[in-house]
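What follows is a short report on a single structure.
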C-alpha cells in the first residue's frame, strides 16, 4: 500500500510515517516509480508507535519496544528494559510538571503582590488599541 493508506488507517500524517521510517521504526519498499510501499504490518506498527508516543515516550524510547511493535502491544508481557524506559520517562515528565507548577505558582504570587488581589496589575491600563504594546 502507498503511504496514504497507512496514514489514513492510523491517523498519522505521511510526514510522520516518513519520520518514523527515518528513525528506523518503520520500513517500506520502493516501487518502480520511487513511491514508498508499506505492507499490512506497518498499520499495526504505526498504531503501536503512536500509542507509545501518546503515552509520553519519545522516538528514542520507542526503539526499546521494537520487538513488540508488530502485535498487540497492550497484551505483550512487559520487559525489564521497557519498564525502566517507561519509569525513567515518567520521572522526566513528573519533573517537568513540577517545574511548570512552580513557575505558575511564582507568577501567580507575583501577580497577587502587584494587584493586591484586585484582578488587574497595579499601574496597568487597557490600551486604546488592544493590539498595541504601549500603555494607554
Requested in this report: Please tell me if residue 20 is surrounded by 14 or more Cβ atoms within 10 Å (Cβ to Cβ) and either modelled with pLDDT of 95 or more or touching a strand residue (DSSP E or B) at 6+ places or on another chain (Cβ under 7 Å) (or both).
Outcome: yes
Query raised in the report: Hey, any hits in the range 40-54 for a residue that's more than 30 Å from residue 88 (Cα to Cα) and without any contact (Cβ under 8 Å) to a residue 60 or more places away in the chain?
Result: yes
Query raised in the report: Can you tell which of 62, 26 is buried (at least 19 other Cβ atoms within 10 Å of the Cβ), out of contact with any strand residue (DSSP E or B) (no Cβ under 6 Å at 6 or more places or on another chain) and assigned to a loop (DSSP other than H, G, I, E, B)?
Result: 26
Query - Selection count, the range 65-84, where residues are under 29 Å from residue 97 (Cβ atoms), at pLDDT below 95 and in a helix (DSSP H, G or I) - result: 6
Report summary line: Log entry, pairs with first residue in the range 2-18 being touching a residue at least 40 places away in the same chain (Cβ under 8 Å), second being buried (at least 20 other Cβ atoms within 10 Å of the Cβ) and assigned to a loop (DSSP other than H, G, I, E, B), beta carbons closer than 8 Å, six or more apart or on different chains, reads 6/12; 6/38
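Report yes if residue 57 is touching a helix residue (DSSP H, G or I) at 6+ places or on another chain (Cβ under 6 Å), in a loop (DSSP other than H, G, I, E, B), closer than 23 Å to residue 1 by Cβ and touching a residue at least 24 places away in the same chain (Cβ under 8 Å), otherwise no.
When the stated conditions are applied, residue 57 does not pass them.
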Query raised in the report: Would a scan of the range 89-102 turn up a residue that is under 25 Å from residue 21 (Cα atoms) and modelled with pLDDT of 90 or more?
Result: yes
**Report entry** Filter pass, residue 52 being within 29 Å of residue 96 (Cα to Cα) and part of a helix (DSSP H, G or I)
**Finding:** yes
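The values are calculated or read from the model by the stated rules, or taken from the named source; none is laboratory data. What you see is a predicted model, and the numbers here were worked out from it, not measured in a lab. Cβ coordinates were reconstructed from backbone atoms using ideal geometry, including for glycine residues, and neighbour counts include every protein chain displayed.
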